[in-house]
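Shown next, in structure tokens, is the structure this report addresses.
The values are calculated or read from the model by the stated rules, or taken from the named source; none is laboratory data. Keep in mind that this is a model prediction, so the values were computed, not measured. Glycine gets a Cβ as well: all are built from the backbone with ideal geometry, and neighbour counts include every protein chain shown. Side chains are part of the model used for accessible areas, which takes the heavy atoms of the whole protein and leaves out ligands, DNA and RNA. Shrake-Rupley method; radii C 1.70, N 1.55, O 1.52, S 1.80 Å.
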Amino acid sequence: MTTETTNRMDLVFRKLKAEEQTALIPFLTVGDPDLETTLAIIAELEAAGADILELGVPYSDPLADGPVIQRASARALRGEVHLRTCMETALKARQAGSSLPFILFSYYNPILQMGLDTFFAELNAHEISGLIIPDLPVEESEEMRRRSSEVGVNLIPLVAPTSSERIAKIVSGASGFIYCVSSLGVTGERSSFHADVEAFIDSVRQATDLPVAVGFGISTGEQVARFAQICDGVVVGSAIVRKIEEVIPLLDNPATRNEGLLQIREFVAQLKRP
Ligand SMILES: O=P(O)(O)OC[C@@H](O)[C@@H](O)c1c[nH]c2ccccc12
């Protein structure tokens, strides 16, 4: 008997699995170039076939990010976009009709600044289904996992090709999905991945019944199709953030805004159907 889940993300993975489909999971930085445009881009990503969305909280010290996302964070921070505005953006996107499950992607510090009690009290109220905290110390992940599950939000762990014997520990008690980082280093488009990435992903699959997704460096339809063969989800961030950066001049001009939005939609659509 399956336990009924109300978590929107879990329902999407279950539906895609039944259809033998892989989730396309874009990442964007909220507020890049501005909050109103982020809401418009979310609608384009959904129309382009996105299944789940990572909403990145801009941060002043994004140590795991490459230059593309660093620039996006800097643009969003100039617009005074912080953790609470990102949560509010998720709610506004839902109210505007989006049915995408939202993953709030934040470094640990902004969450600590807000205060854990406030943060977790507001997660659900803002339609957040998942949480990724790339720099969450393992020692503190137990409390964060407990608090997340208390409010029905999946705290999604990252595993790296070097995690090896820690994989079992990382995935035990996890929920939502397991995020396999395809390569070492920081985010950013890549033409090649960690040498044994398929074997690594397979070892994660052996260690969990949860959906397994891969991210880091994936930027073309061919790369998405390659990983879709062995994963339940594929995350694409920097390539989409770069496309957004490229069309900012179009987005900023009312006369060409729709052209800019269309270019973002078309870029993401070809990731799903190369
Ligand atoms: O940008 P890429 O190379 O496509 O990788 C996904 C990534 O953007 C997103 O999941 C992410 C953004 N910042 C991160 C920091 C750590 C791990 C993952 C991330």
Descending semi-axes in whole angstrom, ellipsoid equivalent of segment 126-274, from the Cα gyration tensor
30, 20, 13
Value of [θ]222 nm, deg cm²/dmol, for the chain, DSSP H segments ≥ 4, -39500 (n - 2.57) each, nearest 500:
-15000 deg cm²/dmol
Share of carbon and sulfur in the accessible heavy-atom surface of the chain [1.4 Å probe, %]:
51 percent
Where segment 173-258 is the region considered: accessible area per residue in Å², 1.4 Å probe:
41 Å²
Mind computing the radius of gyration and Dmax over the alpha-carbon atoms of the chain? Å is fine for both.
17.3, 55
Put +1 on the Cβ of every Lys and Arg and -1 on every Asp and Glu Cβ in segment 52-162; which of Leu104, Ile52, Gly152 then has its Cα farthest towards the positive end of the dipole?
Ile52
What is the sum of charges, Lys and Arg at +1 and Asp and Glu at -1, for the other residues whose Cβ falls under 11 Å from the Cβ of Arg205?
-4
Identify which of Ala90, Ala18, Ala47 has the largest mean-square fluctuation in a Gaussian network model of the chain, with springs joining Cα atoms closer than 10 Å.
Ala18
Among Ser163, Ser175, Ser60, which one shows the highest mean-square fluctuation when the chain is modelled as a Gaussian network with alpha-carbon springs under 10 Å?
Ser60
If you place +1 on the Cβ of every Lys and Arg, -1 on the Cβ of every Asp and Glu, and leave all else neutral, what size is the dipole of the chain about its Cα centre, to the nearest 20 Debye?
300 debye
Under 27 Å from Lys272, Cα to Cα: lysines that are on another chain or at least 8 residues apart
Lys15, Lys17, Lys92, Lys243
Remind me, what semi-axes does segment 1-125 give for its equivalent ellipsoid, largest first in whole Å, using sqrt of 5 times each Cα gyration tensor eigenvalue?
25, 18, 14
Could you run the Karplus curve 6.51 cos²θ - 1.76 cosθ + 1.60 with θ = phi - 60° over segment 66-77 and give me ³J(HN,Hα) per residue in whole Hz, x for Gly and Pro?
x, x, 5, 6, 4, 5, 5, 4, 5, 4, 5, 5
Would you mind working out the magnitude of the charge dipole of segment 1-124 relative to its Cα centre, with +1 at each Lys and Arg C-beta and -1 at each Asp and Glu C-beta, to the nearest 20 Debye?
20 debye
Running Debye on segment 5-68 with equal point scatterers at the Cα sites and no solvent, what base-10 log of I(q)/I(0) appears at q = 0.19, 0.20 Å⁻¹?
-0.85, -0.90
If each part is reduced to its alpha-carbon centroid, segment 99-144 and segment 5-82 end up apart, in Å, by 15 Å
Expressed as a whole percent, how much of the Cα-Cα distance distribution for segment 156-213 exceeds 14 Å?
48 percent
With every protein chain kept in place and ligands, DNA and RNA left out, what is the accessible area per residue of segment 1-139? Probe 1.4 Å, answer in Å².
43 Å²
Using alpha-carbon coordinates alone, the radius of gyration and Dmax of segment 232-274 in Å work out to 11.4, 39
Taking segment 112-208, the equivalent ellipsoid from its C-alpha gyration tensor has semi-axes in Å, biggest first, of 27, 15, 12
